[in-house]
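For reference, the structure discussed in these notes is given below.
The values are calculated or read from the model by the stated rules, or taken from the named source; none is laboratory data. Given the structure is predicted, the values throughout are model-derived calculations rather than measurements. Note that each Cβ is placed from the backbone with ideal geometry, even for glycine, and that neighbours are counted across all protein chains shown.
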Amino acid sequence: MSIGVAILGATGYTGAELIRLLDAHPHFEIQHLAAHSQAGKKVVEVLPSIASQSTTMMLTKADAGLPDSVELVFTALPHAAAAQSVKKALDAGKKVVDLSADFRHPNLTNYQDAYGLEHPFPELLASSVYGLTEHARAEVAKTSLVANPGCYPTSVLLPLVPLLKQHLVDLSSIIIDAKSGTSGAGRATKTDLLYCEINESMAAYGLPKHRHTWEMEEWASQYTGQDVKVRFVPHIIPMTRGMLSTIHLRGQGCERWHSILSNAYRDEPFVHVLPEGKMPTTGAVKGSNRCEIGVSVLSETQAVVVSCIDNLLKGASGQAVQNANVMFGLDEQTGLPINSCWP
Ligand SMILES: NC(=O)c1ccc[n+]([C@@H]2O[C@H](COP(=O)([O-])OP(=O)(O)OC[C@H]3O[C@@H](n4cnc5c(N)ncnc54)[C@H](OP(=O)(O)O)[C@@H]3O)[C@@H](O)[C@H]2O)c1
């Protein structure tokens, strides 16, 4: 089976990662690549990482028409621009996996507050599925539009949701201290990400309320039927890729939390709960679609849960391909690296 695919935003970090994954995928065939300022160039001129057949492809404009043969579109574009391309692709009868935040918030007020924008197509939100794959498989399989989760929310919701579902977590004291490599901010030039500014340096950012806080709170609440609020502080660190979230929790029966998480993900190929007390590292998941989770029980009422993902894989393009596999009835692991690139 060969399924024609387009990537809009092919020249960004998540777009390049999609090309790498899809070039090795046995069922998805890249037929159309689009960009914005780099449109009109060949892939070989723009992406040093790609050496496959795709290097000869010409980059079109993201708002150009899509070939009839394309069935699936990945939109790896900045928010707001993505919404326009998603609408066009759906109108043309394509399935879409959108990596931006534009369709992640069924609650419109949250989108507006987080991004400071009116949503151009609120009518599409009812049919979009939030693609945290392990918690939304059945819905992903039926939809034409997957809103791929953000990287920080993926790293936080995977460990948090099974614990919240057991009603064991004190909802008034969830504190998340997270770190991301600089690829999380995309490829566009930003002064505070220049080598001289970020090397040997770290910074908290996004305070008092980073955009992903709304996403975490909205989906933690949706999945568990509770009104979940979190204190979330992200940090940018001098690393290319990788994300580590340390979640400080209070609650009841903490000595059971490790087994709750282990049982929740026992059969999941891409979520691994480490032996109790062992902590994950970003190095161990680099280049892989895995999320690794560590649990340290401090007392009956306090625990620390740490999760690691590669922001460009499980936090973006890897999870996007995982969702696309589910949408097309393929084995969910097809074309996705389970092993990391280590050291
Ligand atoms: N980076 C991550 O770890 C990560 C994780 C999860 C989700 N995401 C989300 O995924 C999306 C892509 O992120 P990224 O990190 O890959 O970004 P990026 O590296 O900055 O790439 C952005 C892409 O969009 C194109 N583009 C820029 N402005 C545009 C516009 N106004 N209209 C149409 N196309 C435009 C760029 O084309 P040119 O190069 O030709 O200008 C480029 O291909 C974003 O919504 C981001 O929030 C990123």
Of the residues Ala178, Ala220, which single one is of a type outside the set (S, T, N, Q), within 16 Å of the ligand (Cβ to nearest atom) and outside the structural domain of Val46 (by TED's automatic domain parsing)? Ala178
Pick out the one residue from Glu118, Glu123 that is more than 16 Å from Trp219 (Cβ to Cβ), part of a helix (DSSP H, G or I) and either of a type outside the set (S, T, N, Q) or out of contact with any Ser or Thr (no Cβ under 7 Å at 6 or more places or on another chain) (or both). Glu123
Among residues belonging to the range 256-290 that are basic (Lys, Arg) and assigned to a loop (DSSP other than H, G, I, E, B), point out the one that is surrounded by the most Cβ atoms within 10 Å (Cβ to Cβ). Arg290
Since Ala35 meets every condition but one in (1) more than 11 Å from the ligand (Cβ to nearest atom); (2) within 21 Å of the chain's Cα centre (by Cα); (3) at pLDDT 95 or above; (4) not β-branched (Val, Ile, Thr), which condition does it not meet? (1)
Consider Leu99 against the criteria (1) among the hydrophobic types (A, V, I, L, M, F, W, C); (2) out of contact with any strand residue (DSSP E or B) (no Cβ under 6 Å at 6 or more places or on another chain); (3) surrounded by fewer than 23 Cβ atoms within 10 Å (Cβ to Cβ): it satisfies all of them except one. Which criterion is unmet? (3)
For residues in the range 126-140 being hydrophobic (A, V, I, L, M, F, W, C) and surrounded by fewer than 15 Cβ atoms within 10 Å (Cβ to Cβ), which is modelled with the highest pLDDT? Ala138
How about the range 144-246: which strands (runs of 3 or more DSSP E) wholly inside it have at least 2 residues that are touching a His at 6+ places or on another chain (Cβ under 9 Å) and not hydroxyl-bearing (Ser, Thr, Tyr)? 175-180, 231-236
Quick check: is even one residue across the range 34-45 part of a strand (DSSP E or B) and of a type in the set (A, V, I, L, M)? yes
